[in-house]
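The values are calculated or read from the model by the stated rules, or taken from the named source; none is laboratory data. What you see is a predicted model; the values in this text were computed from it and never measured. Cβ coordinates were reconstructed from backbone atoms using ideal geometry, including for glycine residues, and neighbour counts include every protein chain displayed.
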Amino acid sequence: MPALYLAATQKSSGKTTLSIGICRELRRLGHRVQPFKKGPDYIDPLWLSLAAGRDCLNLDYHTMSEGEICRGFANALADGAFGLIEGNVGLFDSVDLLGRQSNAALAKLLKAPVLLIVHAQGMSRGIAPLLLGYQRFDPDLQIAGVLLNGVGGSRHEANLRRAVEHYTDLPVFGAVHRNPALEIQERHLGLMPSNETNQAWDQVERIRAAIAEQVDIPALFELGAKAMLPAEAVSEQTSAPRSPDLRIGLARDEAFGFYYPDDLASLRSLGAELVEFSPLKDSELPPVDALFIGGGFPEYRMQGLAENWEMRAAVRDFIERGGPVYAECGGLMYLCRGLRWGKAYSPMCGVLDAEVAMHRRPQGRGYMRLRETEAFPWPQRKGGTRSEIRAHEFHHSAIVDPDPRWRYGYEVLRGTGINGRQDAVLYKNLVAGYAHLRHVGGVAWTERFVAQIRRILG
């Protein structure tokens with residue numbers, strides 16, 4: 001199973017742009033490409049999915065065991081696709097002193113050769129000791145080559161290549177010159193999601209053309225073809241999916257689009273037909289039994305969401321009638337009374353009696369550990385005790401003056417949630433919080449949500 005791990009010396013080195021270009025060019029050359037992203041992330045995978053033509057999957061130590069990571073990796077590559085893993089932050093960066101759960105640890109776990117991206121702006125001969133240090137820091141890690149990014153021109157490229165070739169044994173697989181036209185617009189949570197711009201495909205093609213010209217893609221394919229999967233990475237036979245017997249409305253448009261593909265696949269396998277609707281453009285809900293309103297950037301579409309009063313009323317009426325709804329982050333914001341960003345204010349659905357305010361700095365960011373309260377409507381119990389839930393959050397918004405009468409589904413053990421101590425507001429058959437769940441690591445939230453929908457339907 002061919003695979004390649006794209007890592008960098010540090011964050012903001014251009015990993016995503018280069019990964020997009022490599023994915024798209026491999027696809028153009030006729031290869032099946034399966035992208036992966038390390039850690040919890042929605043935005044980079046949206047771009048990688050668009051480039052590869054198949055869903056990008058997340059590999060995350062916080063929510064997945066090593067065995068689960070290996071099995072998920074093998075399952076996704078079972079059809080012989082080329083696996084391309086985009087790392088996060090720097091190759092060796094980790095809060096753990098020994099580097100557990102770092103990109104290097106994941107590359108070794110998956111036995112994937114590492115292509116090290118170096119953002120070389122302002123560098124010349126100094127690239128050599130940098131690379132030598134990376135090679136010697138962990139001799140067990142297979143750093144198979146270098147990809148130069150942010151190169152200033154042909155003379156700069158020649159100087160860099162000469163230094164790398166003279167002092168190291170690492171091959172240079174390409175040198176991508178600085179080009180503002182290849183940059184994807186950034187905002188407070190990272191790159192602009194591809195679902196928000198009509199020019200996303202054009203941007204992918206621009207990146208592909210530049211990468212194809214400046215990177216030796218056939219050589220990268222040959223490098224990845226030498227990868228050997230670990231013994232633990234054995235693909236599993238999945239059970240036959242259940243015939244659809246219920247319909248879940250999935251909010252998906254320019255405002256909402258943060259969903260994990262494997263979670264959606266799990267919902268479908270459990271007998272749920274996912275019916276997409278747009279809170280921005282549709283005037284009414286489709287005939288559905290439940291709603292799943294994921295994260296996104298409702299703040300960038302707050303006026304459009306407010307102007308669509310028919311949909312806001314339809315969502316509110318659905319919840320008031322007792323319809324089962326699960327909402328994460330952006331979905332939580334949409335269900336509150338209104339959204340404020342600076343001097344701008346827009347009314348939202350008004351299901352939850354509180355306003356939401358945007359802030360310049362993150363109000364909750366990173367991994368979460370949660371414990372379900374006794375009030376949680378579709379609980380996960382292990383041996384009769386409340387189990388710990390591993391999740392993540394990343395939001396610049398905060399609930400203003402939450403109603404003191406609110407009931408919550410989670411006690412926050414690590415993280416912020418709604419008030420630093422609690423998350424997941426419970427109202428009728430609604431669960432709405434800042435935590436993003438994944439159907440991995442024994443959490444099984446999709447199974448429990450679907451079971452709750454069937455109980456409510458009777």
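Could you please find all residues in the stretch 126-182 being among the hydrophobic types (A, V, I, L, M, F, W, C) and modelled with pLDDT under 95?
Ala181, Leu182
Checked against (1) at pLDDT 95 or above; (2) in a loop (DSSP other than H, G, I, E, B), Ala391 passes all but condition (2). Of everything listed in (1) of a type outside the set (A, V, I, L, M); (2) crowded, with 24+ Cβ neighbours inside 10 Å; (3) on the phi > 0 side of the Ramachandran plot, the single unmet condition for Ser12 is (2). Please work out which residue is surrounded by the fewest Cβ atoms within 10 Å (Cβ to Cβ), limiting yourself to the stretch 394-428 and to residues that are of a type in the set (Lys, Arg) and part of a loop (DSSP other than H, G, I, E, B). Top of the filtered list is Arg405. For the stretch 375-393, the count of residues that are in contact with a Ser or Thr (Cβ under 8 Å, 6 or more places away or on another chain), surrounded by fewer than 22 Cβ atoms within 10 Å (Cβ to Cβ) and free of Cβ contacts under 8 Å to residues at least 60 places away in the same chain is at least one. Look at the stretch 28-44: where a residue is within 19 Å of Ala391 (Cβ to Cβ) and at pLDDT 95 or above and a partner is outside any loop (DSSP other than H, G, I, E, B) and of a type in the set (Asp, Glu), sitting 6+ places away or on another chain with Cβ atoms under 6 Å, you get Lys37/Asp44; Lys37/Glu86. Determine whether Gly323 is in contact with a helix residue (DSSP H, G or I) (Cβ under 7 Å, 6 or more places away or on another chain) and surrounded by fewer than 24 Cβ atoms within 10 Å (Cβ to Cβ). Here the answer is no, as Gly323 does not meet what is asked. Residues considered: Gly67, Gly21. Of these, the only one that is within 16 Å of Trp201 (Cα to Cα), more than 18 Å from the chain's Cα centre (by Cα) and not hydroxyl-bearing (Ser, Thr, Tyr) is Gly21. One residue is enough: does the stretch 118-141 have a residue meeting the conditions touching a residue at least 12 places away in the same chain (Cβ under 8 Å), out of contact with any helix residue (DSSP H, G or I) (no Cβ under 7 Å at 6 or more places or on another chain), hydroxyl-bearing (Ser, Thr, Tyr) and closer than 28 Å to Gly366 by Cβ? Yes: the stretch 118-141 contains one or more residues that are touching a residue at least 12 places away in the same chain (Cβ under 8 Å), out of contact with any helix residue (DSSP H, G or I) (no Cβ under 7 Å at 6 or more places or on another chain), hydroxyl-bearing (Ser, Thr, Tyr) and closer than 28 Å to Gly366 by Cβ. Taking first residues from the stretch 340-359 that are under 15 Å from Asp401 (Cα atoms) and surrounded by 17 or more Cβ atoms within 10 Å (Cβ to Cβ) and partners that are among the acidic types (Asp, Glu) and modelled with pLDDT of 95 or more, the Cβ contacts under 7 Å between residues at least 6 apart in sequence or on separate chains come to Met358/Glu299. Among the residues of the stretch 134-190, those identified as within 25 Å of Glu205 (Cα to Cα) and among the hydrophobic types (A, V, I, L, M, F, W, C) are Val146, Leu147, Leu148, Val151, Val172, Phe173, Ala175, Val176, Ala181, Leu182, Ile184, Leu189. Of everything in the stretch 335-387 that is part of a loop (DSSP other than H, G, I, E, B) and among the β-branched types (Val, Ile, Thr), the residue that is modelled with the lowest pLDDT is Thr373.
Is it the case that Phe82 is among the aromatic types (Phe, Trp, Tyr) and touching a His at 6+ places or on another chain (Cβ under 7 Å)?
For Phe82, the condition - among the aromatic types (Phe, Trp, Tyr) and touching a His at 6+ places or on another chain (Cβ under 7 Å) - is met.
To keep it simple, each residue is scored yes or no on (1) surrounded by 14 or more Cβ atoms within 10 Å (Cβ to Cβ); (2) under 24 Å from Phe36 (Cβ atoms).
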{"site": "Ala105", "(1), (2)": "yes, yes"}
{"site": "Lys108", "(1), (2)": "yes, yes"}
{"site": "Val114", "(1), (2)": "yes, yes"}
{"site": "Gly126", "(1), (2)": "no, no"}
{"site": "Asn149", "(1), (2)": "yes, yes"}
{"site": "Asn159", "(1), (2)": "yes, no"}
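Only a single criterion out of (1) without any contact (Cβ under 8 Å) to a residue 40 or more places away in the chain; (2) surrounded by 16 or more Cβ atoms within 10 Å (Cβ to Cβ) is not satisfied by Leu332, namely (1). Evaluating Lys428 against the criteria (1) over 24 Å from Gly323 (Cα atoms); (2) basic (Lys, Arg); (3) in contact with a helix residue (DSSP H, G or I) (Cβ under 9 Å, 6 or more places away or on another chain) leaves one unmet condition, (1).
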